[in-house]
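Only the coordinates and a few stated rules stand behind these numbers; no lab work does. From a predicted model like this one, the values you see are computed outputs, not experimental measurements. Backbone-built Cβ (ideal geometry, glycine too); neighbour counts: all protein chains shown.
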Amino acid sequence: MIKLSVCIPVYNFDVRELVYGLKKEIESQNLSAEIILIDDFSDWKSCSLNSEIQDVASVFLSLDKNLGRSKIRNLFLNYAQGEYLLFLDCDGKLIQENFLKNYINFLSKNPLTDVLYGGRKVPAEIPDQKHLLRWKFAVERENLSVGERKSHPYLSFQTNNFVIRQNVLYKIPFNVSYSNYGYEDLLFAMDLKSENIIIHHIENPVLNNDVETNEVYLEKVKESVASVSAMLKNNAVKDRISDIKLVKAFGKLNFFPLNIFIVFFFKISKNFLEKKLLHGNKSLRYLDLYKLGLLFKLMK
């Protein structure tokens, strides 16, 4: 029987509903699975709420400093007992019946599987304007059907809901040089691709239960573009992100004097673009222009 280690990095979020839901399925289905929580130095409020489930999880570890998105995922290897590790974001909500069983059934029928991604969704209801930007991006760019994901298995991979064989993660851990928000999941996917590790896709999504405000998401966008800039400046990894839409656009336009003009244009239009994005209900083309201008500025 396949044993699954459910690994949940926790940061400033009430994860009780997710953990209770997982525990209920494990017990009702008599699954061979464990739940491991590692709290990445959350605030006192989240720690207080989540202390309720310390005895529900097989392992509950609270860190005394923040490790970041990549290091903490690698840390689960020190505690997981399962042949496969299922990584879930702490803001995920279970919406699939037999969520864990769906993964276990696929792995049982396809024993050569090394990596498996189940997908993501956001609430169907359109949120208020203050939360619209992140929701629009998820709906238009991230919430892909399983067919769309299979056509681009590496580019459509995300780390919010995926299974990986333990020995594969030992061999190809997350790159700890890039622990901030943005594109660390794609770099990991491309590291897998470089080692000929196939990413399989099925329809087994979780709901993204925490859609950020426009202001918070825009700050994360800035952080993600900074990560791309750092990767492009690193000869060891820059070729692995060459298929990113933003990187492709940068490569096509990065020649003199157009690059100088783009930096100048971004300087004078930055406030205008930010105002449009913070309004929330504008086309994502504004976001594309903003990210491209910011990348040119960081790369000059």
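Where the only charges are on Cβ atoms (+1 Lys, Arg; -1 Asp, Glu), what is the dipole of region 215-299 about its Cα centre, to the nearest 20 debye? Intermediate values should be presented prior to the final figure.
Numbers: 16 positive and 7 negative charges, 33 e Å.
It works out to roughly 160 debye.
Enumerate by residue number the trypsin sites (Lys or Arg not before Pro) in region 39-74 meeting two conditions: DSSP loop (anything except H, G, I, E, B), and at most 13 other Cβ atoms within 10 Å of the site's Cβ. Each step should come with its number before you reach the end.
On the way: sites: K45, K65, R69, K71, R73; in loops: K65.
Here the sparse-neighbourhood loop sites are K65.
How far apart, in nm, are the 7 Å Cα→Cβ label points at E148 and R16?
About 3.6 nm, to one decimal.
Just check region 215-299 against the gyration tensor rule for me: Cα atoms, a ≥ b ≥ c as the square roots of the eigenvalues, rounded for a/c under 1.5, and otherwise prolate or oblate depending on whether a/b exceeds b/c.
Values: a/c = 2.06, a/b = 1.39, b/c = 1.48.
Because a/c hits 1.5 or more and a/b fails to exceed b/c, region 215-299 counts as oblate.
Can you give me the distance in nm between label points at Y170 and M1, each placed 7 Å from the Cα along the Cα-to-Cβ direction?
Going from the Y170 label point to the M1 one covers 2.4 nm.
Cross-link partners among aspartates and glutamates for K130, C-alpha distance below 16 Å, same-chain residues fewer than 8 apart left out?
Cα-Cα hits under 16 Å: D210, E212, E215, E219, E274.
Compute the separation of the alpha-carbon centres of region 87-130 and region 1-73 and state it in Å as a whole number.
16
So who's got an amide H within less than 5 Å of the one on A33, skipping anything under 5 residues away but keeping other chains? H placed 1.01 Å off N, in plane.
L4
What's the angle, to the nearest 10 degrees (0 to 90), between helix 99-109's Cα axis and the longest principal axis of the chain?
80
Go ahead and estimate [θ] at 222 nm for the chain from helices alone: -39,500 (n - 2.57) per DSSP H run with n ≥ 4, summed, over the residue count, rounded to 500.
Details: 12 runs with 133 residues, N = 300.
It lands at -13500 deg cm²/dmol.
Can you list the aspartates and glutamates whose alpha carbon sits under 12 Å from that of K150, skipping same-chain ones fewer than 8 residues off?
The qualifying aspartates and glutamates are E203.
Taking 26 Å as the cut-off for C-alpha to C-alpha distance, list the pairs among K71/K93; K24/K136; K222/K248; K101/K245 that go past it. Don't skip to the end; give the middle numbers.
Working: K71/K93 24 Å; K24/K136 32 Å; K222/K248 18 Å; K101/K245 35 Å.
Beyond 26 Å between Cα atoms: K24/K136; K101/K245.
Looking at the square roots a ≥ b ≥ c of the eigenvalues of the Cα gyration tensor of the chain, which shape do they give, rounded for a/c under 1.5, prolate if a/b is larger than b/c, or oblate? Please list the in-between numbers first.
Numbers: a/c = 1.86, a/b = 1.55, b/c = 1.20.
Because a/c hits 1.5 or more and a/b exceeds b/c, the chain counts as prolate.
About its Cα centre, how strong a charge dipole does the chain have in debye, to the nearest 20, once Lys and Arg get +1 and Asp and Glu get -1 at the Cβ?
Details: 40 positive and 35 negative charges, 303 e Å.
Charge dipole of the chain: 1460 debye, to the nearest 20.
Where both partners of a DSSP beta bridge lie in the chain, what percent of those bridges are antiparallel, to the nearest 5? Working shown, then result.
Numbers: 11 of 31 bridges.
Roughly 35 percent of the beta bridges in the chain run antiparallel, per DSSP.
Please go through region 202-268 and write out the trypsin sites (Lys or Arg not before Pro) that DSSP classes as loop and that have at most 14 other C-beta atoms within 10 Å.
On the way: sites: K220, K222, K233, K238, R240, K245, K248, K252, K267; in loops: K233.
Loop-located and lightly packed - K233.
What spacing in nm lies between the two simple spin-label points modelled at F272 and Q129, each 7 Å away from Cα in the Cβ direction?
The modelled label-to-label distance comes out at 2.0 nm.
Report the relative contact order of the chain, percent, no decimals, based on alpha-carbon pairs under 8 angstrom and at least 6 residues apart.
Worked out over the chain, it gives 20 percent.
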